[in-house]
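Colleague: Can you keep this structure in mind? I'll have questions shortly.
The values are calculated or read from the model by the stated rules, or taken from the named source; none is laboratory data. Just so you know, these numbers come straight off a predicted model, no measurement behind them. Every residue, glycine as well, gets a Cβ built from its backbone with ideal geometry; the counts of neighbours run over all protein chains shown.
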Protein chains: 2
Amino acid sequence: MFGQIAPGEALTLRGIGREFDVSMTPAREAVQRLVAEGALTMSASGRLATPALTPERIEELAALRALIEVELASRALPRAHMALIDRLQAINTTISEVVANRDAVGYIRANLEFHRTLYLRAQAPAMLAMAETVWLQLGPTMRALYTRLRRSEAPHYHRLIIAALKAGDEPGLRLAVRSDVTQGLKMLVG
Amino acid sequence: MFGQIAPGEALTLRGIGREFDVSMTPAREAVQRLVAEGALTMSASGRLATPALTPERIEELAALRALIEVELASRALPRAHMALIDRLQAINTTISEVVANRDAVGYIRANLEFHRTLYLRAQAPAMLAMAETVWLQLGPTMRALYTRLRRSEAPHYHRLIIAALKAGDEPGLRLAVRSDVTQGLKMLVG
DNA sequence: CATCGCCCCATGTGATCACAAAGCGCATTG
DNA sequence: CAATGCGCTTTGTGATCACATGGGGCGATG
């Protein structure tokens, strides 16, 4: 999910087993889960690899993120109070620091934490799980994305999200979330 | 997905293995997949059961269906041609027959085939996979639903969907799909 | 008769083994 | 020197086994 594995990278059950010091059986089960969620691909012969997404699929996943996350944000809005907003601002500060350090994995992790923190307030576990499944599928690709945008951009849309939360502005929140989610992925498709 | 298993029904790995004449290993892997997709629950001790959904979760899943399937229908609309509409009408005929026979599983299966047939035209495999994941989670619950509505109702909203497809009426299509998806599940929540 | 507690059985987990297939490298040949 | 074919090695699959744990049924007790 955090882009620690490059797109197209191959994995082996025995290798995973060695890495985590277990036998093939638990490695197989974990891998089966990830394949079911689309986070890993399995060739007809059973070879395992991280998926290299086509532009069409990236567009689809971005559209799914927009659909689901806008809804989650909208449901979180009435429940958002000051403690939540403070927490989101703290995460934003972390993001800025991480960006300064050129830490791609840290960036992705902190960015997703921002979103997850907001969406947890929606009290919609099934929707959140769906969103996280999409994040998982995009993980390896995100890495490629955030190494491409080299400028140390502060989380602009995150500030818009916080402002909309403070103002109780639902249309503004929906727009800000949609923009934040779509923004980065657009440049990978184009 | 088709409601052949009642909500809350328990399953065992050895039982599944016997049923399909394989050992525990493939049964475990299949079950792991289904647990990952939310189609089965696993207690802390590892006991397997079909989930008994709370009203809140049903509402969530219905909202997800509405979000995703409206988008899929909308994407399918420009690609819909007469052969597709004919096929949808044929499925509708099947549904009417199945309803007359009080065949709940057949009803669910045919109903989902109607939706899948339409959504396949959207050329959006990731979205379709998401929708099917939701169907899977709702499967056992759907059965409870369609045994509850006892009247031999013809697929009303399906006809609206077909009409909107013929007319190229996108807002009408979105509304018809949302209504069809929400209609039944509403009565389970209330 | 109801309730509580205990024990046995059934259940999931992880390891290991045998096997088939696929991929890769190397040697051979044109 | 390049292309091709063969064989070894590595990979995933499925079965089986030993084990720990938890649940349900049965009996004892109030």
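Colleague: Taking A:R87, is it under 23 Å from A:P171 (Cα atoms) and away from DNA strand C (no atom under 16 Å from the Cβ)?
Modeller: Values: under 23 Å from A:P171 (Cα atoms): yes; away from DNA strand C (no atom under 16 Å from the Cβ): yes.
So A:R87 passes the test.
Colleague: Can you tell me which residues in region A:112-135 are within 10 Å of chain B (Cβ to nearest Cβ) and β-branched (V, I, T)?
Modeller: Those that are within 10 Å of chain B (Cβ to nearest Cβ) and β-branched (V, I, T): A:T133, A:V134.
Colleague: Let me ask something else. Suppose we filter B:G17, B:G8, B:G46 for residues that are surrounded by fewer than 16 Cβ atoms within 10 Å (Cβ to Cβ), among the small types (G, A, S) and farther than 23 Å from A:E37 by Cα; which single one remains?
Modeller: Result of the check over B:G17, B:G8, B:G46: B:G8.
Colleague: Also, quick follow-up: Does A:A66 qualify as being buried (at least 18 other Cβ atoms within 10 Å of the Cβ), within 14 Å of chain B (Cβ to nearest Cβ) and in contact (Cβ under 8 Å) with a residue 24 or more places away in the chain? Before the answer, list the steps.
Modeller: On the way: buried (at least 18 other Cβ atoms within 10 Å of the Cβ): yes; within 14 Å of chain B (Cβ to nearest Cβ): yes; in contact (Cβ under 8 Å) with a residue 24 or more places away in the chain: yes.
Against the criterion (buried (at least 18 other Cβ atoms within 10 Å of the Cβ), within 14 Å of chain B (Cβ to nearest Cβ) and in contact (Cβ under 8 Å) with a residue 24 or more places away in the chain), A:A66 qualifies.
Listed here are the residues, each with its yes/no results for (1) among the small types (G, A, S); (2) within 16 Å of DNA strand D (Cβ to nearest atom).
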position	(1), (2)
A:G15	yes, yes
A:M42	no, yes
A:A63	yes, no
A:T94	no, no
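Colleague: Now for a different question. Could you say whether any residue in region B:89-108 is under 28 Å from A:Q137 (Cβ atoms), touching a helix residue (DSSP H, G or I) at 6+ places or on another chain (Cβ under 9 Å) and touching a residue at least 40 places away in the same chain (Cβ under 8 Å)? Full working, then the answer.
Modeller: Step one: list which residues in region B:89-108 are under 28 Å from A:Q137 (Cβ atoms), which gives B:108.
Going one step further and asking which of them are touching a helix residue (DSSP H, G or I) at 6+ places or on another chain (Cβ under 9 Å), we end up with B:108.
Okay, now just the ones that are also touching a residue at least 40 places away in the same chain (Cβ under 8 Å), so B:108.
The answer is yes; a qualifying residue exists.
Colleague: Note down all Cβ pairs under 9 Å where the first residue falls in region A:41-61 and is within 13 Å of chain B (Cβ to nearest Cβ) and of a type in the set (S, T, Y), the second is assigned to a loop (DSSP other than H, G, I, E, B) and away from DNA strand C (no atom under 16 Å from the Cβ), and they're at least six residues apart or on different chains.
Modeller: Matching pairs, first to second residue: A:T41/A:P51.
Colleague: Being within 30 Å of B:G8 (Cβ to Cβ) and at pLDDT below 80 is the filter here, so list the residues in region B:146-170 that pass it.
Modeller: B:Y146, B:T147, B:R148, B:L149, B:R150, B:R151, B:S152, B:E153
Colleague: Taking B:G46 as the residue in question, decide whether it is touching a Ser or Thr at 6+ places or on another chain (Cβ under 7 Å) and within 13 Å of DNA strand D (Cβ to nearest atom).
Modeller: Numbers: touching a Ser or Thr at 6+ places or on another chain (Cβ under 7 Å): no; within 13 Å of DNA strand D (Cβ to nearest atom): yes.
So B:G46 does not fit the description; no.
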